[in-house]
Amino acid sequence: MGASDRAAALRRARERQARIEAATARTVLAHSNVKRAVEAKAQAMERHDERIAAAELTSETETTLLAKVCGSAEAAAEILGISQREVRRMVRAERERQAVDQPRARGWEVQHDDTA
């Protein structure tokens, strides 16, 4: 092997190494982008789940109020175009939530600090 052949082989080896390094950098960046995209999707899904939960709570509260104003779950169900069973489920869920939010509703005494 002559000197020019060794120089050419060394040049090709350096070029190959440079291509490997460039490809490695692009691949690491691509994997990082996938990881960030998956995390962003999870956060977006969580935010949407929270919005759905809040909308469901509002729906249950408003359905309960409608049933109360109408005087029956049957009338509220007819107005909303849903089953009486679904209206009753919403009313029950709302009452349970209120019982948890308002301990006095279950007969518990609540201590108030009037010094504030």
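GNM, the chain, Cα, under 10 Å: largest mean-square fluctuation among ALA42, ALA18, ALA75?
Fluctuation is largest for ALA18.
Which label marks the calculated value of Kirkwood radius over Cα pairs in Å, given the options [x] 14.8; [y] 20.8; [z] 14.4?
For Kirkwood radius over Cα pairs in Å, the calculated option is [y].
Roughly how many debye, to the nearest 20, is the charge dipole of the chain about its Cα centre, given +1 on each Lys and Arg Cβ, -1 on each Asp and Glu Cβ, and no other charges? The partial results should precede the final answer.
On the way: 21 positive and 19 negative charges, 277 e Å.
Its charge dipole is roughly 1320 debye.
Considering only the other residues whose Cβ falls under 12 Å of the Cβ of VAL28, what net charge follows from Lys and Arg at +1 and Asp and Glu at -1?
Values: positive: ARG26, LYS35; negative: GLU21.
Once positives and negatives cancel, what remains is +1.
Tally up the carbon and sulfur contribution to the accessible surface of segment 9-99 as a whole percent, 1.4 Å probe, everything protein left in place. Show your work: numbers first, answer last.
Working: 4050 of 7210 Å².
Answer for segment 9-99 is 56 percent, counting heavy atoms of protein chains only.
Any idea which of ALA55, MET90, ALA8 is furthest toward the positive side of the dipole for the chain, if Lys and Arg beta-carbons carry +1 and Asp and Glu beta-carbons -1?
ALA8
Which whole-number percent gives the relative contact order of the chain, counting Cα pairs below 8 Å spaced six or more residues apart?
Values: 39 pairs, mean separation 16.9, N = 116.
Relative contact order, the chain: 15 percent.
What number, rounded to the nearest 500 deg cm²/dmol, is the helix-based mean residue ellipticity at 222 nm of the chain, given -39500 (n - 2.57) per DSSP H run of at least four residues and division by all its residues? Don't jump to the answer; show the numbers that get you there.
Working: 3 runs with 94 residues, N = 116.
Taken over the chain, the calculation gives -29500 deg cm²/dmol.
Towards the positive end of the charge dipole of the chain, with charges on Cβ (+1 Lys, Arg; -1 Asp, Glu), say which of ALA99, LEU80, VAL34 has the farthest Cα.
Most positive-ward Cα: VAL34.
Anything in the chain that counts as a DSSP H helix reaching 15 Å or more along its axis (C-alpha) with Kyte-Doolittle mean of at least -1.0? List them, would you? Numbers along the way, then the final one.
Numbers: long enough: 3-70 (99 Å, -0.49); 84-101 (25 Å, -1.66).
The qualifying helices are 3-70.
Taking only protein heavy atoms into account and a 1.4 Å probe, give the accessible area per residue of the chain in Å². Walk me through the numbers before you get to the answer.
Values: 9730 Å² over 116 residues.
Solvent-accessible surface per residue comes out at 84 Å².
The values are calculated or read from the model by the stated rules, or taken from the named source; none is laboratory data. Just so you know, these numbers come straight off a predicted model, no measurement behind them. All Cβ positions, even for glycine, are placed from backbone atoms using ideal geometry, and neighbour counts span all protein chains on display. These area figures cover heavy atoms from the full protein model, side chains too; ligands, DNA and RNA do not enter into them. Shrake-Rupley method; radii C 1.70, N 1.55, O 1.52, S 1.80 Å.
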